[in-house]
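Okay, structure first, notes after.
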C-alpha cells in the first residue's frame with residue numbers, strides 16, 4: 001500500500017496563502033545569488049509579483065500594489081537594482 005500522498009494531494013492540503021508563500025520563497029533572490037540575479041528583470045519581476053500575491057491574500061492591498069508597481073517597473077525598465085548592501089561599508093578591526 002502506498003502511504004505517500006501524490007503531489008496533487010499534497011497541494012490540495014495546502015491553503016492558497018501557503019501555496020503563494022511557497023512560490024514567493026521559491027522566486028526570491030537569495031543573498032548567495034544576489035550579484036548574479038540582481039539585474040535580471042524577469043527574475044526580479046517574478047519575485048515582486050509573488051510577493052504581491054502573498055500581500056493580497058493577507059488582505060494588505062496597499063502592500064500588494066507596491067509590489068505590483070515594482071514588478072511593472074522591472075518589466076518596463078523604469079527601476080534598476082539598488083547597490084549591494086555590503087558595498088560601501090568598511091569592516092572595523
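Every read-out reported here was derived from the displayed coordinates using simple, explicitly stated rules and does not represent laboratory data. Keep in mind it's a predicted model, so treat the numbers as computed, not measured.
How tilted is helix 41-57 with respect to the longest principal axis of the chain? Cα atoms for both, answer in degrees (0 to 90, nearest 10).
The helix 41-57 is inclined about 50 degrees to the chain.
How much length, in nm to one decimal, is gained on full extension between residue 76 and residue 15, taken as 0.36 nm per residue of separation minus their Cα-Cα distance?
On the way: separation 61, 0.36 × 61 = 21.96 nm, distance 3.23 nm.
Length gained, residue 76 through residue 15: 18.7 nm.
Is it possible to state the helix-based mean residue ellipticity at 222 nm for the chain, with each DSSP H run of 4+ residues giving -39500 (n - 2.57), the sum divided by total residues, to the nearest 500 deg cm²/dmol? What is it? Don't skip to the answer; put the middle values down first.
On the way: 5 runs with 56 residues, N = 93.
Rounded to the nearest 500, it is -18500 deg cm²/dmol.
Relative to the longest principal Cα axis of the chain, at what angle does helix 16-27 sit, 0 to 90 degrees, rounded to 10?
Between helix and principal axis, roughly 40 degrees.
In degrees, nearest 10, range 0 to 90: what is the angle between the Cα axis of helix 61-76 and the longest Cα principal axis of the chain?
60
Any idea what diffusion coefficient the chain gets from Stokes-Einstein, in µm²/s, Kirkwood Rh on alpha carbon pairs, 37 °C, 0.692 mPa s? Write down the numbers at each step before the final one.
On the way: Rh = 15.3 Å.
Stokes-Einstein gives a translational diffusion coefficient of 214 µm²/s.
In the calculated pair distance distribution of region 1-46, what percentage of Cα-Cα distances lie above 15 Å?
Values: 608 of 1035 pairs.
More than 15 Å apart: 59 percent of the Cα pairs in region 1-46.
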